[in-house]
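The values are calculated or read from the model by the stated rules, or taken from the named source; none is laboratory data. Everything quoted here is computed from the prediction, not taken from an experiment. Cβ atoms come from the backbone with ideal geometry, glycine included; neighbour counts cover every protein chain shown. Note: accessible area is taken over every heavy atom of the protein model, side chains too, but ligands, DNA and RNA are not part of it. Shrake-Rupley method; radii C 1.70, N 1.55, O 1.52, S 1.80 Å.
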Amino acid sequence: MKKKGRPENIYALYKGDELLGIGTKKELANQLGVKISTIQFYHSPAYRARSKINKNRRILVKIEKD
């Protein structure tokens, strides 16, 4: 049964220049074996500020739909 309401956002998760996965936050968490809150943290300004100098940091990027 399909959920009503807004569709879930799709994200791309990178580690440095390497693409780790594409999907919803829940799907990415399942692929990596981490909590959804961990995936959400990768998208936060606090994480970006803490890991600014680390070139291998994980970055969560929202994929815009047309």
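In nm, give the distance between the simple-model label positions of Ile53 and Lys4, each being 7 Å from the Cα along the Cα-to-Cβ direction.
Distance between the two pseudo-spin positions: 5.3 nm.
To the nearest 20 debye, what charge dipole does region 21-66 have about its Cα centre, counting +1 at the Cβ of each Lys and Arg and -1 at the Cβ of each Asp and Glu?
280 debye
Name the residue farthest towards the positive end of the dipole of the chain from the options Gly16, Ser44, Ile59, assuming +1 on Cβ of Lys and Arg, -1 on Cβ of Asp and Glu, about the Cα centre.
The residue sitting farthest along the positive end of the dipole is Ser44.
With every protein chain present, what is the per residue accessible area of region 17-66 (1.4 Å probe, Å²)?
77 Å²
Contour minus end-to-end for Glu64 and Asn30, with contour as 0.36 nm per residue of separation and end-to-end as the Cα-Cα distance?
Residue separation times 0.36 nm, minus the Cα-Cα distance, leaves 10.0 nm.
Which whole-number percent is the relative contact order of the chain (Cα, under 8 Å, 6+ apart)?
38 percent
Can you compute the helix-only [θ] at 222 nm over the chain? Use -39500 (n - 2.57) per DSSP H run of at least 4 residues, normalise by all residues, nearest 500 deg cm²/dmol.
So the calculated ellipticity at 222 nm is -8000 deg cm²/dmol.
Note the direction-averaged projected area, equal to a quarter of the hull surface, for the Cα convex hull of the chain, in nm².
5.6 nm²
Whenever you get a sec, compute what percent of the accessible area on the chain sits on carbon and sulfur atoms (1.4 Å probe).
It is 51 percent, rounded to a whole number.
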